[in-house]
Amino acid sequence: MNSKVAAFITVFVLAIAGIVPVIASSLDDGTDADITIACGTKNCYEPFWIAEEYGLFDMEGVKVKMNYVDGGGNATTALLNGSVDLTLVGADPAIRLFESSEGGYAVATVETSKSSSSSNDFAYRTDCGIDLEDASTFFNPDGSVKVHCGIDTATAYFSGYISYLYDQYEHGKITEEQYKILKTTRTIDKDGGIVHIPFDSQAAALVTGEVQMICSGNTVEVASDKDNIATGSASFASVVGGIVIIVSDEAYNEKSDAIIKVLKALDKACMLIEDPKTVDDVSQFCADYYNSNGWTAEKQKNFFGSYYWDICNMTSMSDYLEYKAKLLDIKNPDYDQFIKTDLVVKAHEGVTLYDGLYTYDHEKGILVEA
């Protein structure tokens, strides 16, 4: 993790919006935290970085300690073992929480796609004849798998890739048997289309030929500047979803006031992403914070532009999670009992979103353009 070098350049622009950044670091001086958060070091966690960097947690009067992890899989592990109170994950880790014997709840989402369909970003080797619009190109003429996709299978990219494959099957591009093979994680004694590779190792695995394709977020962009690597996206029909904030049952029952303050701080961070006066500066900060070759402020801004950013209650959250669970072969999932909307509603009470830039629609539970 690089030092937070971008704070001083944002003072003027953010001051215009009425929010002045301060140098803020995770509690590491022995001070008791009100809330402990597992925070990822990859895309989708930007509101947490921004809230910490610009003193938004302090502004809300909540003491936060960040435990940094590489993504949703380890974030969920931290929540399950009791070392953190709150984290942000995609569908798969949230489902893992709900399917476990441990308690926990989804209390909010962070962003909602601007598109009615979903999409995956890929980086792939140009010497493999890959056509993202036709997954039958992932097979050799003898029926064996030619293209293996590197994914961190503990994260939502796993079911995201399976959603893409299911769409290919529904549109007749691959057979049911090919779909089952491609959605299988490869083992020594059985061929499959997916290879588990943690985020930080994916670009190297693609370049060395360990896999022929990766499906991820900004890891794809990191790989894109390598020789013989191309990038592309594939859209597919899906239930519109978001990234989910989950909390332990203990935190929900005993630290609700602190969680509400965290949600308020994250909502202010999302305002900075949505505001055209501040998005350039927070994009630069987040690109510096991620600190990886190939990920630039421009790419960060483009990523921001693909979503509505708000701490909200997505009304289709249970439908989205249950759809993903079925793709993961979970029978008869029912997650309504694990979704709590009261904290995010309280976090929005009395909130005036400045400049008329966007409006939180409580009935729909999403951010809408003003």
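Got at least one residue in region 347-361 being modelled with pLDDT of 70 or more and in contact with a strand residue (DSSP E or B) (Cβ under 8 Å, 6 or more places away or on another chain)? Within region 347-361, one or more residues are modelled with pLDDT of 70 or more and in contact with a strand residue (DSSP E or B) (Cβ under 8 Å, 6 or more places away or on another chain). Screening residue 320 on (1) assigned to a helix (DSSP H, G or I); (2) open to solvent by 30 Å² or more (accessible area, probe 1.4 Å) shows it passes everything except condition (2). Out of the residues in region 267-317 that are of a type in the set (Ser, Thr, Tyr) and part of a loop (DSSP other than H, G, I, E, B), state the one that is least open to solvent (accessible area, probe 1.4 Å). Per the stated criteria, the residue is 278.
The requirement of being at pLDDT 85 or above and surrounded by fewer than 22 Cβ atoms within 10 Å (Cβ to Cβ) is not satisfied by residue 114. Determine whether region 259-266 contains at least one residue that is within 25 Å of residue 290 (Cα to Cα), assigned to a helix (DSSP H, G or I), touching an Asp or Glu at 6+ places or on another chain (Cβ under 8 Å) and open to solvent by 10 Å² or more (accessible area, probe 1.4 Å). Yes, the conditions are met somewhere in region 259-266. Screening residue 121 against (1) surrounded by 24 or more Cβ atoms within 10 Å (Cβ to Cβ); (2) acidic (Asp, Glu); (3) in contact with a strand residue (DSSP E or B) (Cβ under 6 Å, 6 or more places away or on another chain); (4) at pLDDT below 90 leaves a single unmet condition, (1).
The residues listed here are 220, 239; of these, the one that is open to solvent by less than 70 Å² (accessible area, probe 1.4 Å), in a loop (DSSP other than H, G, I, E, B) and modelled with pLDDT under 80 is 239. Could you please let me know if residue 309 is of a type in the set (Phe, Trp, Tyr) and under 16 Å from residue 268 (Cα atoms)? In short, yes. Here residue 312 clears all of (1) out of contact with any strand residue (DSSP E or B) (no Cβ under 9 Å at 6 or more places or on another chain); (2) hydrophobic (A, V, I, L, M, F, W, C); (3) under 30 Å from residue 337 (Cα atoms) except the condition numbered (1). Can you pull out every residue in region 63-77 that is farther than 21 Å from residue 261 by Cα and open to solvent by less than 20 Å² (accessible area, probe 1.4 Å)? Of everything in region 63-77, those that are farther than 21 Å from residue 261 by Cα and open to solvent by less than 20 Å² (accessible area, probe 1.4 Å) turn out to be 71, 72, 73, 76. The set of residues in region 34-62 being assigned to a loop (DSSP other than H, G, I, E, B) and either without any contact (Cβ under 8 Å) to a residue 60 or more places away in the chain or open to solvent by 10 Å² or more (accessible area, probe 1.4 Å) (or both) consists of 34, 41, 42, 44, 45, 55, 61.
The values are calculated or read from the model by the stated rules, or taken from the named source; none is laboratory data. Just so you know, these numbers come straight off a predicted model, no measurement behind them. Using ideal geometry, Cβ is built from the backbone for each residue, glycine included, and neighbour counts are taken over all protein chains shown. Quick note on the areas: whole protein, heavy atoms, side chains included, nothing else; ligands and nucleic acids left out. Shrake-Rupley method; radii C 1.70, N 1.55, O 1.52, S 1.80 Å.
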